[in-house]
1. Percent of Cα-Cα pairs more than 28 Å apart in segment 275-442, please.
2. Using a 10 Å cut-off on Cβ atoms, rank the peptides 423-429, 184-190, 54-60 from the highest mean neighbour count down.
3. For the chain, what are the DSSP H helices with axial Cα length of 18 Å or more and mean Kyte-Doolittle hydropathy of at least 0.0?
4. Check each of the chymotrypsin sites (Phe, Trp or Tyr not before Pro) in segment 358-393 and keep only those in coil by DSSP with at most 13 other C-beta atoms within 10 angstrom; list them in order.
5. Taking the Cα centre of the chain as origin, sum charge times position over the Cβ atoms of Lys and Arg (+1) and Asp and Glu (-1), and report the length of that vector in debye to the nearest 20.
6. Could you tell me what fraction of 2.2 N^0.38 Å the Cα radius of gyration of segment 61-211 comes to, as a two-decimal ratio?
7. Considering the dipole of the chain built from charges on the beta carbon (Lys and Arg +1, Asp and Glu -1) around the Cα centre, which of PRO197, ALA249, SER382 is farthest to its positive end?
8. Sorted from largest to smallest, which semi-axis lengths in Å does the alpha carbon gyration tensor of the chain give for its equivalent ellipsoid, taking the root of 5 times each eigenvalue?
Amino acid sequence: MDYQRLIVCHECDLLFRKPAAVKGRRAACSRCGAGLTALPGCASSLDWICAVTLAALIVFCIAQSFPVIEMRANGMTSEATLLGAVHSLWSGDMRVVAVMVFCSAVLFPLIEMLALLYVLVPLRLGKVPPRFNAMVRLVQIVRPWGMVEVFMLGVLVTIVKMVSIAQVIPGPGLFALGTLTVLLGVVASFDPSRLWPISDEIRHSRMADVRWSRVSTGRGRFMRPSGGRKAGPSPAITARRAGLVGCHACGLVQTRIEREAHQRCSRCQHALHERRPDSLTRTASLLLAAAIAYIPANLLPIMHASSVGGSEDDTILGGVAYFWTSGDWPLAVVVFVASVLVPVLKLIVLTLLTLAARRGSGWRARERATLYRIVERIGRWSMLDVFVVALTVTLVHFGSLAVITAGPAALAFGAVVILTMLASHQFDPRLIWDNVDARRLMGSAPAATDEALADPLSTNRIS
Ligand SMILES: [Zn+2]
Ligand SMILES: [Zn+2]
């Protein structure tokens, strides 16, 4: 059977008919509100995203080569580049934090841009490059971990922080970094799973050329046209109910083979899971580890300042209090929200979602799904304080006059951010909807009329 014309919501498992053409339009699931991925691609839209990625790569090189901030105090000058910040942390025995900053602000954005260009340029020319699947997967894997926009906010916070103690001059790297943030925002709006249908089209047309005949696309074999009939209140048809499974990487809908424990996607070879294995146990363990790391992250000093007048330790909350009392209350609010509120909210929300899924609750599923999506998006902004520490350490090293070094809380805090991000990745949002489906099925079993069975997808609409 051909399921090429089906699409599955990766968050609630609902099945849809693939819309005929989607050009730059965002389609959302009508049940949970999640953006649908792996929509039919349009080869002409690749030009635009290819140009933006290339521009982002050029601006990235400029942002790396020039200083982002320069600071002058007592006749001495110091400057901070992106790689300089990494080097300062590394030489200051904060190697794990240095690796975190390097990966999130330099390595992962670079890998994303290079891998995207590697697949986009040949696709535009009508060719599928070798190792296409691995490269698109790479883009999907590194994308959530690239945090140039958070680094940019970190630079702005550092500038405001330093203005009170020294003369701060924005460097050419800062403008490049600002441009890069915007360009990468545009690149991030492009869903890489759209490249799979395009590669399929190219491969199919090649095969058709070889055989001198048109390849049958098997249209309409699975679904009947609804013909404008009014559908009965039938329960939502999910991929699980239909005995299908949607690939999380490329979105291809395929038959679930029950006896095969480690089934792989027939298109991209990614492991297929009806539900992510041990999702709740893994999420709970990562949350516990994050909650434990959150204690030293707040109690231990995040920065250690030593000057001629003496030395001082600075905790996260101490920093917020300092901004608040010195009149920089907008900055105090930004740092408080990013460093204190977001991690706590993330821990609480994910714990509640895990408990509700474990108890089999069907309560307010749509709201819970929205909450999960918000938590997944905002989690990365907690990296702000780690970036501010990295930049401050780089800027303030005026020999014996004043030196700031990173404290142990920077490491604990970075661990909290990474652990909570991993926890939200491990949580399978389809578990939120499983109990809703089970209840609706029990409550409305007689509603599965002949009409609804003839066209099972008539109630599932893309909004
Ligand atoms: Zn959905
Ligand atoms: Zn796949």
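1. 34 percent
2. Values: 423-429: 22.0, 184-190: 16.7, 54-60: 18.7.
Per-residue Cβ counts within 10 Å, averaged per peptide and sorted highest first, yield 423-429, 54-60, 184-190.
3. Values: long enough: 46-65 (29 Å, 1.95); 108-124 (24 Å, 1.75); 148-163 (23 Å, 2.21); 172-188 (24 Å, 1.99); 195-211 (24 Å, -0.62); 279-299 (31 Å, 1.19); 342-359 (25 Å, 1.53); 365-378 (20 Å, -0.46); 408-426 (27 Å, 1.46); 430-443 (20 Å, -0.38).
Flagged H segments are 46-65, 108-124, 148-163, 172-188, 279-299, 342-359, 408-426.
4. TRP363
5. Approximately 2460 debye in magnitude.
6. 1.36
7. The residue sitting most towards the positive pole is PRO197.
8. 47, 28, 17
Any read-out appearing in this document is the output of simple, stated calculations on the displayed coordinates, not a laboratory observation. The structure presented is a predicted model; accordingly, all values stated were derived computationally and were not measured. Positions of Cβ are generated from backbone atoms using ideal geometry, with glycine treated the same way; all protein chains shown enter the neighbour counts.
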